[in-house]
Amino acid sequence: MKILKYYPVFWNISGKKCVVVGGGEVAQRKVTRLLDCGAKVSVVSPVLTQGLLLLKDKNIITHHAREYSVEDINGASLVIGATDDDVINTAVSRDAIKKRIPVNIVDDPQKCDFILPSLLERGDLTIAIGTGGKSPALARYLREQLEETFGEDYAILADILGKLRDKMEKNSGQGKVWFDKLMDSGLLEAIRGRDKKLVKKIIREITGEEVEFEF
């Protein structure tokens with residue numbers, strides 16, 4: 001028996017057409033995530049939740065108020081099937097695969113090209129947890145455990161390191177030394193204590209840089 005191994009990737013879908021088939025609460029969650037990533041979202045469903053109706057009224061999403069048709073996914077970069085009708089979900093999967101468009105059918109990995117991980121987000125820091133589709137409940141459990149370890153302080157840390165990245169990469173050998181020193185310097189503790197003066201002092205002493213950031 002061939003073991004399926006998923007290839008983990010962070011995908012830039014900003015400005016790309018993404019189609020969600022379905023108009024319920026699950027579809028709304030998928031739409032919200034796609035919009036957060038800058039996608040141009042098209043929703044195909046006879047009915048919509050109040051949340052999706054609000055997005056439609058504000059022209060944030062495109063809505064096709066009818067049952068799914070294969071033409072709905074033309075030009076799409078990504079398709080998500082989020083209906084409670086297995087016949088429709090099967091058609092969405094089949095059509096997308098024929099058109100070589102990556103497709104996800106909610107809670108049905110056998111019909112998917114890709115599956116969606118459980119996410120922990122702290123600003124620009126994203127930790128994705130997957131179980132190969134075997135146990136989404138375990139992925140959620142692990143995410144909840146990690147939420148206690150990785151607080152909002154890591155969002156600030158990621159922002160600071162991002163602003164130092166260019167200089168650290170230009171000084172590749174020294175950059176790793178700086179990173180190790182920053183992580184051993186008490187920088188994270190200073191961030192947790194909201195001691196802006198100390199944070200700046202640590203960064204300046206190790207890298208010679210002045211970095212602006214907000215708590």
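Listing for the model above:
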{"quantity": "Count of region 1-59 residues which are farther than 22 Å from Asp107 by Cβ, in contact with a Ser or Thr (Cβ under 7 Å, 6 or more places away or on another chain) and charged (D, E, K, R)", "calculated": "2"}
{"quantity": "Residue within region 149-158 that is among the acidic types (Asp, Glu) and under 24 Å from Leu119 (Cα atoms) present", "calculated": "yes"}
{"quantity": "Count - residues of region 126-150 that are touching a helix residue (DSSP H, G or I) at 6+ places or on another chain (Cβ under 8 Å) and at pLDDT 95 or above", "calculated": "2"}
{"quantity": "Test: residue in region 7-20 that is in contact with a strand residue (DSSP E or B) (Cβ under 7 Å, 6 or more places away or on another chain), of a type outside the set (Lys, Arg) and farther than 28 Å from Thr131 by Cβ", "calculated": "yes"}
{"quantity": "Strands (runs of 3 or more DSSP E) contained entirely in region 23-124, each with at least 3 residues that are crowded, with 18+ Cβ neighbours inside 10 Å and either modelled with pLDDT under 95 or over 15 Å from the mean Cα position of the chain (by Cα) (or both)", "calculated": "40-44"}
{"quantity": "Meets criteria (at pLDDT 95 or above, under 29 Å from Ser118 (Cβ atoms) and either basic (Lys, Arg) or surrounded by 15 or more Cβ atoms within 10 Å (Cβ to Cβ) (or both)) for Leu198", "calculated": "no"}
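The values are calculated or read from the model by the stated rules, or taken from the named source; none is laboratory data. Worth saying up front: this structure is predicted, and the values here are computed from it rather than measured. No Cβ is skipped: glycine too gets one built from the backbone with ideal geometry, and neighbour counts run over all protein chains shown.
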